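Working notes, structure below.
Any read-out appearing in this document is the output of simple, stated calculations on the displayed coordinates, not a laboratory observation. All values derive from a computational prediction rather than experimental measurement. Heads up, the Cβs are rebuilt from the backbone with ideal geometry, glycines too, and the neighbour counts pull from every protein chain shown.
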Amino acid sequence: MIPSKFLLVSALATACLASAQTKTPPKPTGLCAQAAQNVDMAANPGRYDNQVYSVSLSGKVIATHADEPVEHAIIERMSKSWGNCLQATSTNKSGAFSLGSGSSGTYYLRVSKHGYRPVMLKVTVRPTAPGDLVVSLTPET
């Protein structure tokens with residue numbers, strides 16, 4: 001006969017597995033959720049505006065019409081399919097942001113702020129790139 005404590009553990013493991021298989025993916029939270037409200041991804045599925053090169057995933061966001069820093073813009077590191085926000089941060093008063101140094105490779109960034117058109121970038125991080133990112137946001141009309 002099997003001891004009851006083993007049956008209980010087995011039943012719990014089966015219930016957890018069944019629960020995990022039926023759950024929907026978690027909804028974005030924090031800055032990722034806030035940015036999702038600024039961007040209509042159905043309008044640009046899987047598309048990016050520019051491919052750029054940078055030494056890191058850090059830089060500055062400026063307004064194209066005034067060449068001034070954009071405070072509180074949201075920068076998201078997205079999955080390649082643009083379907084999932086993997087990491088997010090916002091700009092400070094001087095428009096600066098950092099998503100970390102980022103190892104060499106390709107990253108997908110979405111930059112948005114209410115009242116501006118979102119920018120979607122394919123960023124290749126490599127040590128020989130000219131410098132950090134400078135992203136220009138254009139006001140919506």
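Summing +1 for each Lys or Arg and -1 for each Asp or Glu among the other residues whose beta-carbon sits under 13 angstrom from that of Ser54 gives +3. By the count of neighbouring beta-carbon atoms within 10 Å, fewest first, Lys80, Lys113 end up ordered Lys80, Lys113.
Around the Cα centre of segment 77-141, unit charges on the Cβ atoms of Lys, Arg, Asp and Glu (plus for the first two, minus for the last two) sum to a dipole of about 100 debye.
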